[in-house]
Structures are given as structure tokens and as C-alpha cells.
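Student: Supplied in C-alpha cells, the structure appears directly below.
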Amino acid sequence: MYDIIIIGAGAVGTSIARSLSRYQLSVALIERENDVSMGATKANSAIVHGGFAESHSKVKGRLCYKGRKQFDRLNQELNFGFDKIGSLVLAFEDEQLSKLKELYENGLKNGLDDLEILNHDQIMNLEPNVNPEVKHALYCKGAGVCCPFSYAIALAENAVANGVKLYLNTEISAIKKEADHFILYDQHQNTYQSKFAINCAGVQSDQVEQMVGLNTFTITPRSGEYMLMVRGSGKIANTVLFQMPTKMGKGILVSPTYYGNLIIGPDAVNLNTGDKDTHTDRLLNIYQQARHTTDKINIKQFIRSFTGVRAVSSTDDFVIEKTAVKGFINCGGIQSPGLTSSPAIADMVLDLLEQEGCQFNDDPNFDPHRKPIIERKTLLPPHEIEPLIELESSPEKVICRCEQVAQATIVDAMNRGIPVTTVDGIKRRTRAGMGWCQGGFCRERVVTVMENVLGHPVDPGFDIEHSGINRVGKNEIVDYIKSHLE
Ligand SMILES: Cc1cc2nc3c(=O)[nH]c(=O)nc-3n(C[C@H](O)[C@H](O)[C@H](O)COP(=O)(O)OP(=O)(O)OC[C@H]3O[C@@H](n4cnc5c(N)ncnc54)[C@H](O)[C@@H]3O)c2cc1C
């Protein structure tokens, strides 16, 4: 019998698991996919938001800044990659100044102390590549970018190192409430028992709640498509560049990623399904809107499109609460800024658990630290890399040419307490396959290293090839955009 079972290993579930691992509690984290971080946490804008955009009247408004403030310490402990580059909300019309002031005032209510409204010259000084028609901007100095899947992986690795039991490929399909505990059933009818259960199932969080006979909210999946450009392309922006927010969200952003790519997107389309295809017409629209922020985006640098799916709740807010079923806690509908808020969501859930009777005694063996798998680096020139690519099996052998990932890095990623069984699992942890050729060169080489570690054959396919998801390819989108804009 576990004290606590967490259903869903995204940013929220892993954050809660890691927070609970500080205490003398037995905790299980259960995830239906083959890795942690496979839902919204894998595919989003990766922004550690300022915390001024969501109304103070909402839970998400109150939690965002509380979460953001923890990222420095978390990154020092867990080394997932976080850079406080700041953000700008750009106003191209004088009439939008009043909306910026509203955001500023809302930010103050949410506790922020690092907001400033900038004029045209100040903006151009900070961001020389921005459309010079810009009139005003809201600057948040402490906002930043992180690597979201590295974040969840780091939290999960540290939670596991501190005693949390992680079950992958395990989909909870039914939950039975007994007098003082829960029995959870997976797809194979295996059972897991716990005194408390926490629903962190993202887009499926309404369905998981229904398993205990409740129906307090529903989720509408809302997709957002992105375009990602090659490493180095992020240099055209120094900060995260937002346009004015709309009813559907924060609008199209232009931003460097933590590793120096340029990301543009997302749009927002409500769905009946969790469709993760990308579409030429939507990408064209994103590209055109992003070009209003800066005309320095070079479509020839495009390497990948992808879709993230937001879990939009019928309450239009995070659903973080105790329920009518004692011991069952909802943590659903965590749409943006859920990544940023996740440390504060974990704090809130621990409070709720305490109210429900869970006892917290410090675990003297808790170790908050986790070493990085990779760090940001300047790539070496080709003549230095070529001999390392040709090496026989060796820790120094360079496996991925574009991102210069060594064999030892891949082996390290596989020996951290979380089974890594797919080439995508290696890609998320090491960046092998994230470069210009998108794994064309390294995929088989990664598989060879994995097979040597695991001692059995590994499927060489990327997840996308088994998923039925259709993504617009490089040539297709470049041709489509050229034909529509020329
Ligand atoms: C397009 C987009 C852009 C965003 N941009 C940002 C941003 O820039 N900054 C920010 O702060 N936030 C952003 N967000 C929000 C952020 O990504 C989410 O709030 C956060 O990732 C939610 O984490 P989660 O753990 O609740 O959900 P998820 O990451 O979706 O995790 C839920 C997990 O539960 C698992 N699961 C579901 N059902 C079951 C079951 N029955 N049994 C076992 N496991 C189950 C799923 O497989 C999944 O892994 C964005 C979201 C999207 C979609």
C-alpha cells in the first residue's frame, strides 16, 4: 500500500512527486506512456512566464509568479536548463497602451516586482530586430525560457533517486474507493493501492475524475501549432516576444529557446480530439503573424513543426482541490502557465494533502541534487568533430553530428533510474536527433549505443512514425510559404 499515488507524469505530476520525496512517505507516480513528460509538458512554448497575464481572481493568476520564483533554486538543484532572458508584450497601436497598463496592474496584484512599461526607443535598444512600428511594451525582467521536458525528466529522476516508484506504460483505467484507501486498476488489471490519489492526468483529467464517480469539470483540448528553426536562429531575439493577448491565449510569440533555436507559435484551435497533426495553412498563418513581430525570421531555417494540446477546463481555471471523495485530489485543467506554476501547484497539493490527514515527516536522506545530462555549449568546428565521429565504440565517440552528442552522454542518460527505451527518450535527454538533419545521421548510431546498454534490440523508429501523426515537412512548408508570400 502506497501513501500516495499520482496519476500522470507531466510537469505537474513530477513536480508533486519530487516535492513529496522530501518526506517519509511511500509514493508511486503512474504514467500511461513509455516515458515521463509525454503530454502537454513535451510540446509547449517553454516559457517561464512572468505571471501578469492571468487575472488575480484566478488560481492560475495567483500561482504563476509563486512558481516562477522557484525556478532559479530548482535549476541550481536539478540542472534542467533555465535562462531568465525577460519578456516583452509588444503594442503596435497607441490604443493598446491601456491594455498594457491593465496587465501591469494585474501583475502587481499577482505580486510581481519586475515589470516596466517601455517606450519605442527603449524597446529598440533591447530588441533591435523588432518591427520598428512598435509603440510600447510591457517588460518583465524575470521571465525566461527553460527546457520543459528536461524539467520534468529532472524532477522525475530526482524523485526516483529519493524513493518514488515510477510506473511507465501503465494506464489507470478504473479506481475503486474502499473505506480508507483506493484501489487503482491498470489496462492489464494489475492493482495499485494507496491512501491518497492525485489526479494529474492533463487532457484526460476529467476522465480520471469520473473514475471515482465525480463530474465537476470537463476538458476541451485546444491545440497550438509551432514552427521550430535550427540552432543559432534564436539570436534574432534577446527576450521572449509576445503580441497582445487574446481571449484564446497569449497569441503568437517569437522566442529563442534555451538551446538557441527560434520558436514561433502557438495558434489556438479547440478540438474534439487530441489531434497533433500540423497543417500548412495554420503554419502559414503563424509565420505571417510572427513576421509582424520581426521580419528577420528566415523560413529556410525551419527544421520542425509540432503541436501541443492544452487541457482547457470548463471552469476556465486550474482545478486544484480536494473533492467529495475523501483522499482524492484533482489537479486537472492545468493549461498555460502550468509549466511555470508547477512548483507552486505542488506546494498547494501538499497543503491539501495535509488537510486531508496526510502526515509529513522530513526524510533525513533526501538529496535535492541531480547532475545535468547535457549543458549548453558552443559547437566545435567540423575538423575537430570529424575524427570523433569516426571512432570505434568509445565514451568520446560523437554519435550525433549536428548536436555533437557523445556516446558517454547517451549511456549516462540511460542510467538514471528511469528506463529509457526509445530513440525519442534519448533525444529528449541528450538532444541527439534535434539538429538540422533531425536524426537522419544519428538515429541508427543511437540505437547501437542503446542496444549495447540494454542487451536487446531497440526499435529504430521515432515515436512520430508509430503515432499516426502527420507533420508538415521541411520542403513542404518552405514551398507553401514561398508560393503564398511571393
Ligand atoms: C501549446 C501550449 C503552450 C504552452 N506554453 C506554456 C508556456 O510557455 N509556459 C507555461 O508555463 N505553460 C505552458 N503551457 C502549459 C503547460 O505545458 C501545461 O500546463 C503543463 O505541461 C501541464 O502539465 P500536466 O502535468 O498537468 O499535464 P501533461 O503534461 O499533459 O501530463 C499529463 C500526463 O498524464 C498522463 N495520463 C493521462 N491519463 C492517464 C491515465 N489514465 N493513467 C496514467 N497516466 C495518464 C498523460 O500521458 C500525461 O503524461 C502550454 C501548453 C500548451 C499545450
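Student: Only one of GLN96, GLN76 is surrounded by fewer than 22 Cβ atoms within 10 Å (Cβ to Cβ) and within 30 Å of VAL160 (Cα to Cα). Can you tell me which?
Tutor: Result of the check over GLN96, GLN76: GLN76.
Student: Looking at the range 367-486, what helices (runs of 4 or more DSSP H) fall wholly within it and have at least 2 residues that are on the phi < 0 side of the Ramachandran plot and in contact with a helix residue (DSSP H, G or I) (Cβ under 6 Å, 6 or more places away or on another chain)?
Tutor: 407-413, 423-430, 443-454, 474-485
Student: Please specify each residue of the range 273-315 satisfying the condition of being of a type outside the set (Ser, Thr, Tyr), more than 16 Å from the ligand (Cβ to nearest atom) and not in a helix (DSSP H, G or I).
Tutor: ASP295, LYS296, ILE297, ASN298, PHE302, ILE303 - these are the residues of the range 273-315 that are of a type outside the set (Ser, Thr, Tyr), more than 16 Å from the ligand (Cβ to nearest atom) and not in a helix (DSSP H, G or I).
Student: Here is a list: ILE183, ILE153. Which entry is surrounded by 23 or more Cβ atoms within 10 Å (Cβ to Cβ) and either within 15 Å of the ligand (Cβ to nearest atom) or under 26 Å from VAL48 (Cα atoms) (or both)?
Tutor: Residue meeting the stated conditions: ILE153.
The rows are residues; the columns are (1) of a type in the set (S, T, N, Q); (2) farther than 30 Å from GLY111 by Cβ; (3) modelled with pLDDT of 95 or more.
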position	(1), (2), (3)
ASP317	no, no, yes
PHE328	no, yes, yes
GLU354	no, no, yes
PHE366	no, no, yes
LEU379	no, yes, no
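Student: Let me spell it out: the conditions are (1) farther than 20 Å from CYS140 by Cα; (2) within 21 Å of the chain's Cα centre (by Cα); (3) surrounded by fewer than 16 Cβ atoms within 10 Å (Cβ to Cβ), and ASN298 meets all of them except one. Which number is the exception?
Tutor: The number of the failed condition is (2).
Student: Which condition breaks for GLY332 when tested against (1) surrounded by fewer than 23 Cβ atoms within 10 Å (Cβ to Cβ); (2) modelled with pLDDT of 95 or more; (3) not acidic (Asp, Glu)?
Tutor: Answer for GLY332: the failing condition is (1).
Student: Next question, about the same structure. Could you check how many residues of the range 143-187 are assigned to a loop (DSSP other than H, G, I, E, B) and of a type outside the set (S, T, N, Q)?
Tutor: Residues flagged as assigned to a loop (DSSP other than H, G, I, E, B) and of a type outside the set (S, T, N, Q) within the range 143-187 amount to 10.
Student: Shifting gears a bit: Looking at the range 242-263, I want the residues that are on the phi > 0 side of the Ramachandran plot and have a partner that is within 12 Å of the ligand (Cβ to nearest atom) with Cβ atoms under 6 Å, at least 6 apart or on another chain. Which pairs are those?
Tutor: Filtered contacts from the range 242-263: GLY249/ALA268.
Student: (1) more than 15 Å from the ligand (Cβ to nearest atom); (2) not assigned by TED's automatic domain parsing to the domain that holds ILE7: which one isn't true of ASN110, the others all being true?
Tutor: (1)
Student: Next question. Looking only at the range 29-73, which residues are in contact with a Leu (Cβ under 8 Å, 6 or more places away or on another chain) and more than 9 Å from the ligand (Cβ to nearest atom)?
Tutor: Within the range 29-73, LEU29, ASN34, GLY50, GLY51, PHE52, ALA53, TYR65 meet the criteria.
Student: Against the condition of a type in the set (A, V, I, L, M) and more than 24 Å from THR294 (Cβ to Cβ), how does LEU78 come out, does it pass?
Tutor: yes
Student: If you don't mind, another one. List every residue pair whose Cβ atoms lie under 9 Å apart, where the two residues are 6 or more positions apart in sequence or sit on different chains, the first residue falls within the range 454-475 and is over 20 Å from PRO419 (Cα atoms), and the second residue, located anywhere, is surrounded by 15 or more Cβ atoms within 10 Å (Cβ to Cβ) and among the β-branched types (Val, Ile, Thr).
Tutor: Close Cβ pairs satisfying both conditions: ILE469/THR278; ILE469/THR307; ASN470/THR278; ARG471/THR278; ARG471/THR307; VAL472/THR278; VAL472/THR280; LYS474/ILE303.
Student: I've got another one for you. Output the residue which, of all residues in the range 189-208 that are near the ligand (Cβ under 6 Å from one of its atoms) and assigned to a loop (DSSP other than H, G, I, E, B), is nearest to LYS322 (Cα to Cα).
Tutor: CYS200
Student: Moving to a separate point now. Name the single residue that is farthest from the ligand (Cβ to nearest atom) among those in the range 237-249 being surrounded by 23 or more Cβ atoms within 10 Å (Cβ to Cβ) and not β-branched (Val, Ile, Thr).
Tutor: Looking at residues that are surrounded by 23 or more Cβ atoms within 10 Å (Cβ to Cβ) and not β-branched (Val, Ile, Thr), I get ALA237.
Student: Of the conditions (1) of a type outside the set (Phe, Trp, Tyr); (2) in a strand (DSSP E or B); (3) assigned by TED's automatic domain parsing to the domain that holds ASN44, LEU118 clears all except one; give me its number.
Tutor: (3)
Student: Let me ask something else. Could you give me the residue pairs with C-beta distances under 7 Å whose first residue belongs to the range 407-422 and is closer than 17 Å to VAL160 by Cα, whose second residue is among the β-branched types (Val, Ile, Thr) and assigned to a loop (DSSP other than H, G, I, E, B) wherever it lies, and which are 6+ apart or on separate chains?
Tutor: Within 7 Å, the pairs are ASP412/ILE373; ALA413/ILE373; ALA413/VAL420; MET414/VAL420; ILE418/VAL36.
The values are calculated or read from the model by the stated rules, or taken from the named source; none is laboratory data. Keep in mind that what you see is a predicted model, and the values were worked out from it rather than measured. Please note: Cβ atoms are built from the backbone with ideal geometry, for glycine as well, and neighbour counts cover all protein chains shown.
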